[in-house]
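Just below is one structure, and these are the notes that go with it.
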Amino acid sequence: MGLKKGKTEILVAGLVIGIIAALLVLFGNPVNMGFCIACFLRDTAGALGLHQAANVQYIRPEIIGLVLGSFLLATFRKEFSPKGGSAPLTRFVLGFFVMIGCLMFLGCPFRMILRLAGGDLNAVFGMVGFVCGILLGVFFLTKGYSLKRTYQLPALEGRLLPIIQVVLLVLLIAAPVFIHFTEAGGGPGALHAPIIISLAAGLIVGALAQKTRLCMVGGIRDVVLFREWKLLIGFVAIFVSALVCNLIFTAATDGTYFTLGFAGQPVAHTDGLWNALGMLLTGFGCVLLGGCPLRQLVLSGEGNTDSAITVIGLVAGAAFAHNFGLASSGEGPTANGKIAVVIGIVVVALIACFNTFRKDTAKA
Amino acid sequence: MTYIATFYSHFGAMHFKKQCEARKMTARIMPVPRDLSSSCGTCVRYEGEEPCPSDTWSDEVEQAVEVTAQGYRTVYRAENS
């Protein structure tokens, strides 16, 4: 029912999201970073003092908008459904290592598309790793992987993460001294669009993603599992519209929003192997979680506390990554980061095996 | 009659499809239709006289609906789901 309408909807949503992402860069976000769920959660963690990397500290309104946009539309459509209880601590750990993978690559799957649309060919290695990670996850899905069922919860449980986003918005606007903000010229954290524009962008994209179930992982997963291309259409549409906007902005303004090549790309490094392995870890973990970081934010807005726990895992991963030198920089990956990614792949594989092949459960 | 069942895991859907096929019911695995749910999991669309292809509903089944001209009519929903 409505398959063609659904494809048109996700095509239009993807095109709109790509344009919004490109516009956010025009309005002040770092280049190729109109949206990056990993980077923006990392910046927010820094603003709250959870890590001390002074160059990446800012409460990103896009994150607030994504959760609230999903929450508002889900409530309006009577789809808000507080639920949880499906292996929350396992999801926390998976979220933690998904972030480690993202910060090895320097971007979430959403930013991977935006990097490709900006001509950053390093993201091709990330894409290869990402697809391999998804295939690994799909293998376990078809062999019986499950984190078991969710349960209905009191409404307040589902509303807590959206409420926390409102608190973060108040902190961003009030800017009390205990919140850390990267100083002007001090790094990517200082580069941002005006609050109202970032918030509006987040709200629109959050609502569109809730309506269409847009998911960077789900698109490839559905093609492999069902030969169903619908979600992947959104993925491709974001790439196309962001690419076209970047080319137009480069031609029409003094800025450079598209540079084809490997070296000198904004907030990126050229180590192909570790770009690929970082995104392999991300893709693998996201399939086991049931969605990419963007999707986890959107599901949190719909009242899914398992996704909220995953988001908290992502934030914890970001804090660890910067406190212990695991995150890459433009100069490349760190030794600590490489060790963390290998550990992450092993841990995620163990979680996959344990929840696939071991069928006995604890007895009361 | 045409039914759609949704599940807590992809494997649950695969198992359910096998149950349907064992009873000679036409069944196929597909993504959950958006107008049925905002979740992006796996469902089984199947044809049969009875909505449940086994003696009892599996623990993996979240809900089952009958596809009607007016939309979906819920025939089963797991407790506390």
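The values are calculated or read from the model by the stated rules, or taken from the named source; none is laboratory data. What you see is a predicted model; the values in this text were computed from it and never measured. Virtual Cβ from ideal backbone geometry, glycine too; neighbours counted across all protein chains shown.
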> Filter the stretch B:37-50 for residues that are modelled with pLDDT of 95 or more and farther than 17 Å from A:Trp229 by Cα; which is surrounded by the fewest Cβ atoms within 10 Å (Cβ to Cβ)?
Replying inline: B:Glu47
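Results for (1) in contact with a strand residue (DSSP E or B) (Cβ under 7 Å, 6 or more places away or on another chain); (2) surrounded by fewer than 24 Cβ atoms within 10 Å (Cβ to Cβ); (3) within 11 Å of chain B (Cβ to nearest Cβ), shown as yes or no for each residue.
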| residue | (1), (2), (3) |
| --- | --- |
| A:Ile204 | no, yes, no |
| A:Gly218 | no, no, yes |
| A:Arg227 | no, yes, yes |
| A:Gly234 | no, no, no |
| A:Phe239 | no, yes, no |
| A:Leu243 | no, yes, no |
| A:Leu247 | no, yes, no |
| A:Thr250 | no, yes, no |
| A:Asp254 | no, yes, no |
> In the stretch A:215-258, how many are of a type in the set (Gly, Ala, Ser) and under 30 Å from B:Arg28 (Cβ atoms)?
Replying inline: 4
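Considering only residues of the stretch B:6-28 that are away from chain A (no Cβ under 14 Å) and either within 16 Å of B:Ser39 (Cβ to Cβ) or in a helix (DSSP H, G or I) (or both), which is farthest from the chain's Cα centre (by Cα)?
Of all residues in the stretch B:6-28, those away from chain A (no Cβ under 14 Å) come to B:19-26.
Applying the additional criterion that residues be either within 16 Å of B:Ser39 (Cβ to Cβ) or in a helix (DSSP H, G or I) (or both) yields B:19-22.
Details: B:Gln19: 11, B:Cys20: 10, B:Glu21: 13, B:Ala22: 15 Å.
Checked the stretch B:6-28; the qualifying residue farthest from the chain's Cα centre (by Cα) is B:Ala22.
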> Any residue in the stretch A:2-22 that is without any contact (Cβ under 8 Å) to a residue 24 or more places away in the chain and assigned to a loop (DSSP other than H, G, I, E, B)?
Replying inline: yes
> Inside the stretch A:2-39, can you point out the residues that are surrounded by fewer than 24 Cβ atoms within 10 Å (Cβ to Cβ), modelled with pLDDT of 95 or more and among the small types (Gly, Ala, Ser)?
Replying inline: A:Ala13, A:Gly28
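On the given criteria, is B:Ala5 out of contact with any His (no Cβ under 6 Å at 6 or more places or on another chain), of a type in the set (Gly, Ala, Ser) and more than 27 Å from A:Gly303 (Cβ to Cβ)?
On the way: out of contact with any His (no Cβ under 6 Å at 6 or more places or on another chain): yes; of a type in the set (Gly, Ala, Ser): yes; more than 27 Å from A:Gly303 (Cβ to Cβ): no.
Against the criterion (out of contact with any His (no Cβ under 6 Å at 6 or more places or on another chain), of a type in the set (Gly, Ala, Ser) and more than 27 Å from A:Gly303 (Cβ to Cβ)), B:Ala5 does not qualify.
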> Taking the stated definitions as given, is B:Lys24 closer than 21 Å to A:Lys143 by Cβ, without any contact (Cβ under 8 Å) to a residue 60 or more places away in the chain and basic (Lys, Arg)?
Replying inline: no
> Under the condition of being touching a His at 6+ places or on another chain (Cβ under 8 Å) and within 14 Å of another protein chain (Cβ to nearest Cβ), which residue from the stretch A:115-144 is surrounded by the fewest Cβ atoms within 10 Å (Cβ to Cβ)?
Replying inline: A:Thr142
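Would you confirm whether or not the stretch A:189-196 contains a residue that is under 16 Å from the mean Cα position of the chain (by Cα) and not aromatic (Phe, Trp, Tyr)? Spell out the reasoning first.
Residues of the stretch A:189-196 under 16 Å from the mean Cα position of the chain (by Cα): none.
No, the stretch A:189-196 contains no residue that is under 16 Å from the mean Cα position of the chain (by Cα) and not aromatic (Phe, Trp, Tyr).
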>> I'd like to know if the stretch A:69-80 contains one or more residues that are surrounded by fewer than 24 Cβ atoms within 10 Å (Cβ to Cβ), out of contact with any strand residue (DSSP E or B) (no Cβ under 6 Å at 6 or more places or on another chain) and more than 14 Å from chain B (Cβ to nearest Cβ).
In response: no
>> I need every pair where a residue in the stretch A:171-186 that is small (Gly, Ala, Ser) has its Cβ under 7 Å from the Cβ of a residue that is not in a loop (DSSP other than H, G, I, E, B), sequence separation at least 6 or different chains.
In response: A:Ala184/A:Ala190
> Checking A:Gly107 against (1) assigned to a loop (DSSP other than H, G, I, E, B); (2) within 11 Å of chain B (Cβ to nearest Cβ), which test does it fail?
Replying inline: (2)
> Restricting the first residue to the stretch B:53-67 and requiring it to be facing chain A (nearest Cβ under 10 Å) and crowded, with 16+ Cβ neighbours inside 10 Å, which pairs with a second residue that is of a type in the set (Lys, Arg) and assigned to a loop (DSSP other than H, G, I, E, B) meet a Cβ separation below 8 Å and a spacing of at least six or different chains?
Replying inline: B:Glu60/A:Arg149; B:Glu62/A:Arg149
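Just to be sure before I move on: is B:Ser37 within 11 Å of chain A (Cβ to nearest Cβ) and part of a loop (DSSP other than H, G, I, E, B) in the structure I sent? Outline the logic, then answer.
Values: within 11 Å of chain A (Cβ to nearest Cβ): yes; part of a loop (DSSP other than H, G, I, E, B): yes.
Spelling it out, B:Ser37 is indeed within 11 Å of chain A (Cβ to nearest Cβ) and part of a loop (DSSP other than H, G, I, E, B).
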> For the stretch A:145-155, which residues satisfy the criterion of being in contact with a helix residue (DSSP H, G or I) (Cβ under 9 Å, 6 or more places away or on another chain) and surrounded by fewer than 17 Cβ atoms within 10 Å (Cβ to Cβ)?
Replying inline: A:Lys148
> Taking the stretch B:1-33 on its own, how many of its residues are small (Gly, Ala, Ser), under 22 Å from A:Lys230 (Cβ atoms) and surrounded by fewer than 20 Cβ atoms within 10 Å (Cβ to Cβ)?
Replying inline: 0
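Where in the stretch A:146-260 are there helices (runs of 4 or more DSSP H), lying fully within it, with 1 or more residues that are at pLDDT below 95?
Working: elements: A:155-174, A:195-212, A:216-226, A:230-252.
Ranges flagged: A:216-226, A:230-252.
Using the structure shown, decide if A:Val56 is in contact with a Ser or Thr (Cβ under 7 Å, 6 or more places away or on another chain), over 21 Å from A:Thr305 (Cα atoms), buried (at least 24 other Cβ atoms within 10 Å of the Cβ) and touching a residue at least 12 places away in the same chain (Cβ under 8 Å). Before you say what the answer is, go through the steps one by one.
On the way: in contact with a Ser or Thr (Cβ under 7 Å, 6 or more places away or on another chain): yes; over 21 Å from A:Thr305 (Cα atoms): yes; buried (at least 24 other Cβ atoms within 10 Å of the Cβ): yes; touching a residue at least 12 places away in the same chain (Cβ under 8 Å): yes.
Criteria met by A:Val56.
Can you tell me which of A:Phe92, A:Phe97 is more than 14 Å from chain B (Cβ to nearest Cβ), within 16 Å of the chain's Cα centre (by Cα) and surrounded by fewer than 24 Cβ atoms within 10 Å (Cβ to Cβ)?
A:Phe92
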